[in-house]
Amino acid sequence: MPVKFSLQGGGNLYYGYGIIRANSIQVEALKVGLNQESPCLIVEGELGMICAKIEDDLMASATRESMSLYTEVLCQVIKHTTIVPLRFGTLFDKEEEIHEVLKKDKKQYLRFLANLDNKIEVELKVWWKKESFQETMMKNKRLGRWKKALERGEGQGYDVVEFGKAIMEVADYERKQIEKSFLAMLRPLATEWVVKDPMDEFQAFDGVYLVERQKEADFDQAVGILYEKYSATMIFKYTGPWAPHHFVN
C-alpha cells in the first residue's frame, strides 16, 4: 500500500480508498453521507484508483466519522468488484501523483487483484469471560497452590509480580491450544489467514481470513460450530465481509 504522501498545502487534495481494474464499477452508484464528497475514479491504463477530492487533510484525520466513511465506501465497493485497499489516510497532492503510482506499480497491483478475485476478508475475535479466564488459569495446579499461599499472606511483593508473570505464561499456552483448535476448523476453508497478537489479557484468539465467496456460508457454519463449543466460557465477535486489508503488502 502506498504510504501517506507529503502535503505541500493549498488547493484540493485526493483521498485514496483503493485500486481496482479500470471501469469495473460505476462509482456514481457509491453512496456517501450528507456533506461528504462523492468518490471519483482516476484511471491509468488497466487500473483505476477510487478517490475523493477533499479541501484539507483534516478531513482525512482519524475521527470516528472519517473511519466510518472509509469503511463504508470499501464495503460498498467489494459488493461489485475486487479492490486493493489503501491504508486509511492515504492522501495525494494532485492527480498526477495518482497516475504515477498506478503506472509505477502496475504489475504488483494486477497480481494483487488476481489473487483477491472473488474473495472476502472476515475476522474472528474471541475473549475469555472474566470468570472463565480465572478458572482456566487456576486449573494449573502450580498456580492454584501459589494463589492459596498468597491469599494466606505468604510471600512478598516480588512473589505477586512473579505470580502475575506465571499467569501470563499459562494464558499464552492456553491461547496456543485454542489457536490449534480454531485453525483446525477454519484453515481448510480459507485461502490465507493471519493470527494477530492479543489486544488484552482476556483475548484468547484473533484470526483474520481470506475466504472465497462460494465458501463464505461454509465458513460461517464452521464459526457457528466453534461458537456452540466455546460460548459458555468465551465471547465471540465475528465480523465482515471486509476489504482485504490484511492480505496486501
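Values quoted throughout were computed directly from the atomic coordinates according to the rules given, and no laboratory measurement underlies them. Since the structure is predicted, the reported quantities are computational estimates derived from the model, not experimental observations. Note that each Cβ is placed from the backbone with ideal geometry, even for glycine, and that neighbours are counted across all protein chains shown.
Order these peptides, 77-89, 185-197, by their mean beta-carbon neighbour count within 10 angstrom, highest first.
Top to bottom by mean Cβ count within 10 Å: 77-89, 185-197.
Among the listed pairs Lys94/Lys125; Lys94/Lys119; Lys129/Lys196; Lys180/Lys215, which have their C-alpha atoms separated by more than 29 angstrom in this model?
Violating the 29 Å limit, Cα to Cα: Lys94/Lys125; Lys94/Lys119.
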